[in-house]
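Undergrad: Sharing a structure with you now.
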Amino acid sequence: MIIHSKLPHTETSIFAVMSALAKRYNAINLSQGFPDFAVSKELIDLVHHYMLKGYNQYAPMPGVPELLEAISAKVQKLYKTKLDPDTNITITAGATQALFTAITAFVQTGDEVIVFEPAYDSYVPAIKLNGGHPKYVSLSAPDFHIDWQKVKDLITSKTKMIIINTPNNPGGFVFSKTDMIQLAEITNQTNIVVLSDEVYEHIIFDGLQHQSALKFDELFQRTIAVYSFGKTFHATGWKTGFVTGPADLMSEFRKVHQFNVFSVNTPIQYALADYLENPENYLNLPEFYQTKRDYFVTNLKGSRFKVLPAHGTYFQLLDYSDISNMPEIEFASWLTKEKGVAAIPVSAFYHDKKNQYLLRFAFPKENETLLKATEILRKI
Ligand SMILES: Cc1ncc(COP(=O)(O)O)c(C=O)c1O
């Protein structure tokens, strides 16, 4: 049988590759971005409670009303935007599904999509599977500054979508208010949909405020914003998230969503609705993760790795150019096999594998794990 692959150049993801390597060489795995500490017992008890209560059948397609209401209340409090639970929010099976569904709902054959690199790895395959063409804006370390004139110059009559991600994985940078205003200005009077990946909305440091697309009226009217309960509540394996958007965009999103997953885990949705009632459950995240970042960075003092600014997400970039001139993928592999610490080469987030001598380390880990890793890194 001849198979005409729809993604002929796609290989196993770098996250799977590095995690497998970490396992084989018994290395400390700071490659994949997931916490190694427990989900709140209160949240687990709530899921259990709703399962026992019999909430085990299909949820309504957009999500259970209690959770939609809870999200609407949270968004109003944080971003001062009024969302109608019936028409502006849809619960998804995590952010990756939300991103895929949004891209499928809007991108047609021949459309162009502007993607900032470094980029989360699911964006481009989703664009290509829908017949779209990615147009890249390559951002560079250490600050990943965006030249908005360059972005504007990329816009053509075929531009259907611009994808942004703030706080940014893997860059650790965040969009400023000025960035968002620039984005609003260059998309004004166009038919461009903005897809705003905000899965790390609550993981932002140094007193900075998350500049959600929902805060900007004009942007809100053209934006599908994507969120992940997996990231917020240390439960990446639950694959639960949500999207927000104006009613006309959300109606198109739901047309695809209903044939993609239809609806999402019922007891988890009820549990999340209750858990969201206490804002402490998400408002304490900046402090929690900033302490982890600082612990990791402080314990690296004296090392030859250079620490890049990390204002958000739970990733820290380290520059190893004072240690080696190996390309990133080789250095990451050497570090795992020979030294016992696994990280992700940042070049994996660029289509042209741009090499900046950078590795991404995930720090949502127990302090003991971080201490062991930094002891090794300091000696290199
Ligand atoms: C930027 C970004 N977007 C989306 C996702 C996917 O989130 P989820 O696990 O909810 O699918 C991730 C996960 O690493 C991410 O880093």
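The values are calculated or read from the model by the stated rules, or taken from the named source; none is laboratory data. Everything numeric in this text was worked out from a predicted model, so none of it was measured. Because the Cβ atoms are built from the backbone with ideal geometry, glycine has one as well, and the counts that use them run over all protein chains shown. Areas reflect the complete protein model, heavy atoms only, side chains present, ligands, DNA and RNA absent. Shrake-Rupley method; radii C 1.70, N 1.55, O 1.52, S 1.80 Å.
Undergrad: Does segment 149-173 hold any residues that are out of contact with any Phe, Trp or Tyr (no Cβ under 9 Å at 6 or more places or on another chain) and buried (at least 16 other Cβ atoms within 10 Å of the Cβ), and which are they?
TA: Let us first name the residues in segment 149-173 that are out of contact with any Phe, Trp or Tyr (no Cβ under 9 Å at 6 or more places or on another chain), namely 149-150, 152-153, 155-159.
Selection gives Ile155, Thr159.
Undergrad: Taking Thr109 as the residue in question, decide whether it is closer than 30 Å to Gly132 by Cα, touching a Leu at 6+ places or on another chain (Cβ under 9 Å) and assigned by TED's automatic domain parsing to the domain that holds Ile268. Show your work before the answer.
TA: On the way: closer than 30 Å to Gly132 by Cα: yes; touching a Leu at 6+ places or on another chain (Cβ under 9 Å): no; assigned by TED's automatic domain parsing to the domain that holds Ile268: yes.
No, not satisfied.
Undergrad: Residues in segment 99-120: is at least one within 20 Å of the chain's Cα centre (by Cα) and on the phi > 0 side of the Ramachandran plot?
TA: Checked segment 99-120: no residue is within 20 Å of the chain's Cα centre (by Cα) and on the phi > 0 side of the Ramachandran plot.
Undergrad: Next question. Scan segment 75-95 for residues that are part of a helix (DSSP H, G or I) and among the small types (Gly, Ala, Ser) and report the count.
TA: Taking segment 75-95 first, the residues part of a helix (DSSP H, G or I) are 75-79, 94-95.
Now restrict to residues that are among the small types (Gly, Ala, Ser): 94-95.
Total satisfying the criteria: 2.
Undergrad: Please return the ranges of helices (runs of 4 or more DSSP H) entirely within segment 230-302 where 2 or more residues are within 16 Å of the ligand (Cβ to nearest atom). First the steps, then the outcome.
TA: Working: elements: 247-260, 266-275, 280-283, 285-298.
Ranges flagged: 247-260, 266-275, 285-298.
Undergrad: Restricting to segment 187-229, and then to whatever is surrounded by 20 or more Cβ atoms within 10 Å (Cβ to Cβ) and among the charged types (D, E, K, R), can you tell me which residue is nearest to the ligand (Cβ to nearest atom)?
TA: Asp197
Undergrad: I've got another one for you. Identify all residues within segment 244-269 that are open to solvent by 40 Å² or more (accessible area, probe 1.4 Å) and not small (Gly, Ala, Ser); write none if there are none. Before the answer, list the steps.
TA: Here is the first cut: in segment 244-269, the residues open to solvent by 40 Å² or more (accessible area, probe 1.4 Å) are 247-248, 251-252, 255, 258-262, 265.
If the condition is that a residue be open to solvent by 40 Å² or more (accessible area, probe 1.4 Å) and not small (Gly, Ala, Ser), then Asp248, Glu252, Lys255, Gln258, Phe259, Asn260, Val261, Phe262, Asn265 are the ones that fit.
Undergrad: Taking Ile89 as the residue in question, decide whether it is more than 27 Å from Phe173 (Cβ to Cβ), more than 12 Å from the ligand (Cβ to nearest atom) and surrounded by 21 or more Cβ atoms within 10 Å (Cβ to Cβ). Steps first, answer last, please.
TA: Numbers: more than 27 Å from Phe173 (Cβ to Cβ): yes; more than 12 Å from the ligand (Cβ to nearest atom): yes; surrounded by 21 or more Cβ atoms within 10 Å (Cβ to Cβ): yes.
It is true that Ile89 is more than 27 Å from Phe173 (Cβ to Cβ), more than 12 Å from the ligand (Cβ to nearest atom) and surrounded by 21 or more Cβ atoms within 10 Å (Cβ to Cβ).
Undergrad: Would you check if there is a residue in segment 158-169 being assigned by TED's automatic domain parsing to the domain that holds Lys135, more than 19 Å from the chain's Cα centre (by Cα), free of Cβ contacts under 8 Å to residues at least 40 places away in the same chain and more than 23 Å from Ile71 (Cβ to Cβ)? Walk me through how you get there before you give the answer.
TA: Start the filter on segment 158-169 by keeping residues that are assigned by TED's automatic domain parsing to the domain that holds Lys135, which leaves 158-169.
Right, trim to more than 19 Å from the chain's Cα centre (by Cα) and you get 158-160.
From what is left, the residues that are free of Cβ contacts under 8 Å to residues at least 40 places away in the same chain are none.
There is no residue in segment 158-169 that is assigned by TED's automatic domain parsing to the domain that holds Lys135, more than 19 Å from the chain's Cα centre (by Cα), free of Cβ contacts under 8 Å to residues at least 40 places away in the same chain and more than 23 Å from Ile71 (Cβ to Cβ).
Undergrad: Kindly evaluate Ala70 against the criterion of being at pLDDT 95 or above, more than 15 Å from the ligand (Cβ to nearest atom), open to solvent by less than 30 Å² (accessible area, probe 1.4 Å) and not assigned by TED's automatic domain parsing to the domain that holds Phe242.
TA: Considered against the rule, which asks whether it is at pLDDT 95 or above, more than 15 Å from the ligand (Cβ to nearest atom), open to solvent by less than 30 Å² (accessible area, probe 1.4 Å) and not assigned by TED's automatic domain parsing to the domain that holds Phe242, Ala70 comes out as no.
Undergrad: Pick out the one residue from Ser19, Ser72 that is over 30 Å from Ala348 (Cβ atoms), among the polar types (S, T, N, Q) and assigned to a helix (DSSP H, G or I). Can you show your working first?
TA: Numbers: Ser19 fails: over 30 Å from Ala348 (Cβ atoms).
Matching residue, one of Ser19, Ser72: Ser72.
Undergrad: Could you tell me whether any residue of segment 119-128 is more than 16 Å from the ligand (Cβ to nearest atom) and crowded, with 21+ Cβ neighbours inside 10 Å?
TA: Going residue by residue through segment 119-128, those that are more than 16 Å from the ligand (Cβ to nearest atom) are 128.
Okay, now just the ones that are also crowded, with 21+ Cβ neighbours inside 10 Å, so none.
The answer is no; no qualifying residue exists.
Undergrad: Determine whether segment 37-47 contains at least one residue that is closer than 30 Å to Leu335 by Cβ and at pLDDT below 95. Walk me through how you get there before you give the answer.
TA: Going through segment 37-47, the residues closer than 30 Å to Leu335 by Cβ turn out to be 37-39.
Right, trim to at pLDDT below 95 and you get 37-38.
Yes, the conditions are met somewhere in segment 37-47.
Undergrad: Being at pLDDT 95 or above, small (Gly, Ala, Ser) and out of contact with any Asp or Glu (no Cβ under 8 Å at 6 or more places or on another chain) is the requirement here; does Ser19 meet it? Talk me through it step by step, then tell me what you get.
TA: Details: at pLDDT 95 or above: no; small (Gly, Ala, Ser): yes; out of contact with any Asp or Glu (no Cβ under 8 Å at 6 or more places or on another chain): yes.
The answer is no for Ser19.
Undergrad: Same structure again: Are there any pairs with C-beta distances below 7 angstrom linking a residue in segment 34-47 that is more than 17 Å from Thr240 (Cα to Cα) to a residue that is open to solvent by 30 Å² or more (accessible area, probe 1.4 Å), with the two at least 6 apart or on different chains, and if so which?
TA: Note: pairs meeting the criteria are Asp36/Glu366; Asp36/Thr369; Phe37/His234; Phe37/Glu366.
Undergrad: Here's something else I'd like to know. Open to solvent by 50 Å² or more (accessible area, probe 1.4 Å), within 16 Å of the ligand (Cβ to nearest atom), of a type in the set (S, T, N, Q) and over 26 Å from Gly131 (Cβ atoms): is that true of Gln76 in this structure? Walk me through it before giving the result.
TA: Details: open to solvent by 50 Å² or more (accessible area, probe 1.4 Å): yes; within 16 Å of the ligand (Cβ to nearest atom): no; of a type in the set (S, T, N, Q): yes; over 26 Å from Gly131 (Cβ atoms): yes.
So Gln76 does not fit the description; no.
Undergrad: Can we say Ala348 is among the small types (Gly, Ala, Ser), buried (at least 24 other Cβ atoms within 10 Å of the Cβ) and either modelled with pLDDT under 95 or not assigned by TED's automatic domain parsing to the domain that holds Pro167 (or both)?
TA: Details: among the small types (Gly, Ala, Ser): yes; buried (at least 24 other Cβ atoms within 10 Å of the Cβ): no; either modelled with pLDDT under 95 or not assigned by TED's automatic domain parsing to the domain that holds Pro167 (or both): yes.
No, not satisfied.
Undergrad: Would a scan of segment 6-29 turn up a residue that is over 30 Å from Asp274 (Cα atoms), acidic (Asp, Glu) and open to solvent by 90 Å² or more (accessible area, probe 1.4 Å)?
TA: So the first thing to find is which residues in segment 6-29 are over 30 Å from Asp274 (Cα atoms), and the list is 6-29.
Applying the additional criterion that residues be acidic (Asp, Glu) yields 11.
From what's left, open to solvent by 90 Å² or more (accessible area, probe 1.4 Å): 11.
Yes; the residues of segment 6-29 include at least one that is over 30 Å from Asp274 (Cα atoms), acidic (Asp, Glu) and open to solvent by 90 Å² or more (accessible area, probe 1.4 Å).
Undergrad: Looking at Ala98, is it out of contact with any Leu (no Cβ under 8 Å at 6 or more places or on another chain) and either assigned to a loop (DSSP other than H, G, I, E, B) or free of Cβ contacts under 8 Å to residues at least 40 places away in the same chain (or both)? Walk me through it before giving the result.
TA: On the way: out of contact with any Leu (no Cβ under 8 Å at 6 or more places or on another chain): yes; either assigned to a loop (DSSP other than H, G, I, E, B) or free of Cβ contacts under 8 Å to residues at least 40 places away in the same chain (or both): no.
No.
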